[in-house]
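The values are calculated or read from the model by the stated rules, or taken from the named source; none is laboratory data. Because the structure is a prediction, the values reported are computed rather than measured. All Cβ positions, even for glycine, are placed from backbone atoms using ideal geometry, and neighbour counts span all protein chains on display. Note: accessible area is taken over every heavy atom of the protein model, side chains too, but ligands, DNA and RNA are not part of it. Shrake-Rupley method; radii C 1.70, N 1.55, O 1.52, S 1.80 Å.
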Amino acid sequence: MANMNKMISVAMATYNGEKYLTEQLDSILTQTYPIHEIVIVDDGSNDQTCAIVESYSVKHQQIKLFRNLVNQGVTKSFLRALQNTNGEYIAFCDQDDVWLPNKLERLIAEIGDSLLIHCDAQLVDENLVLINDSYFSATKDATLHTFEDYLISNNVTGCCSMIHRELFDVSFPNYFYVHDHYFALVAAFYQRIKYLPEALVLYRQHGTNVIGGARGGFEVFLNECHKKSLSYNSLLSIGFLSKQQTTIKLMRDYRAALATGKWFGIGNLFNLLRFPRGIKLAVFYVLLGRLFGYNMSRWFYSKIYKVKM
């Protein structure tokens, strides 16, 4: 049994989430571990999302609702929610999933001195019908541990994550494409990140997911590479990451080359080979970096990830 004295805040961002929000709130409020507060930031919903939250807050005073006057996007909304929490631990929450009753109890029992812990999830459809009993094994790499690993990819899913407040107290860059990847990077930098191989969330897949389990087409991939290159550029302004600037710049330029189709450079390719899984990254660049033209790279992408062109 977990120590019940540790205060946990739940941070949630909402936007037009009326369809699934009730199920999610019910699953949070029936957790086996007591919740100190649920901080919700609504990003300008024009449906009944806020009315639902307000109706719950009448019966459950730990629910706090903040509204963005103008749409800020999911990352800035989550950051505002985090800024308004005061628990020792903060669990990230999406508006459309369902938590298993012991999710928080298991995370708090296993976090130890880690700054971030994340668990597995079951992939379900919009009606909670099982698609895959392990989202992690189906789509994620369990071998990620180091800062360099997390520059290459991210296996931390926000709805499966809980952080120690100490992690949020570090600097957040002016721009980062998604908050969970940034916190994973910092926790990995301090070597205080932990994966719990238990599915404790029903991760709902539907047509309006902001981020989901399904991989998009080649254009989506290029846009993601562009966002990551801008995000990695923002990391260069963070003082405690100064010793990693060479590595950050290499991955920034790598993502930018994939996004724009510009030549990555022989020197960068050689440096890439010294990276974890560097040979794989180099081959990936050769196939998708548009050395053979846009259409050929798009074709390679469709074959690698088995998506329709």
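Here are a few things to note about the model shown:
- Listed residue pairs exceeding 25 Å between alpha carbons, taken from Lys140/Lys194; Lys194/Lys303; Lys280/Lys306: Lys194/Lys303
- Distances between placed amide hydrogens fall under 5 Å for Ile63 paired with Ile38, all partners being 5 or more residues away or on another chain.
- Taking the convex hull of Cα positions in the stretch 126-177, its mean projected area over all directions (nm²): 5.6
- Among Asp47, Asp133, the sequence by solvent-accessible area, most first, with a 1.4 Å probe is Asp133, Asp47.
- Note that the stretch 150-194 presents 32 Å² accessible area per residue, ligands and nucleic acids not counted, probe 1.4 Å.
- Shape of the stretch 1-151, Cα gyration tensor, a/c cut at 1.5: rounded
- According to the calculation over all Cα-Cα pairs in the stretch 1-58, the P(r) per 5 Å bin from zero is 4, 17, 28, 23, 13, 8, 5, 2, 0 %.
- Asn268-Thr32 pseudo-label distance in nm [points 7 Å out on the Cα-to-Cβ vector]: 5.0
- Derived scalar couplings between HN and Hα for the stretch 290-301 equal 6, 5, 10, x, 4, 5, 5, 5, 5, 5, 4, 4 Hz in order, rounded to whole Hz, by the Karplus curve 6.51 cos²θ - 1.76 cosθ + 1.60 (θ = phi - 60°), x for Gly and Pro.
- Extension reserve of the Lys303-Arg277 stretch, reckoned as 0.36 nm per residue once the Cα distance is removed: 7.3 nm
- Cα gyration tensor shape of the stretch 71-152, rounded if a/c is under 1.5, else prolate or oblate by comparing a/b with b/c: rounded
- Ranked packing of 301-309, 136-144, 185-193, most packed first, by mean Cβ within 10 Å: 185-193, 136-144, 301-309
- Environment charge of Tyr175, counting only residues whose C-beta is closer than 12 Å and scoring Lys/Arg +1, Asp/Glu -1: +3
- The Cα center of the stretch 1-64 and the Cα center of the stretch 268-309 differ in position by 42 Å.
- Amide H contacts of Gly87 (H built 1.01 Å from N, in plane; Pro and chain starts excluded): Ser9 sit under 5 Å, all sequence-distant by 5 or more or on other chains.
- When restricted to Cα atoms, the chain yields an Rg and a Dmax of 19.8, 63 Å, respectively.
- Computed with every protein chain present, the accessible area of His145 is close to 120 Å² [probe 1.4 Å].
- Protein accessible area in the chain, 1.4 Å probe - carbon and sulfur %: 53
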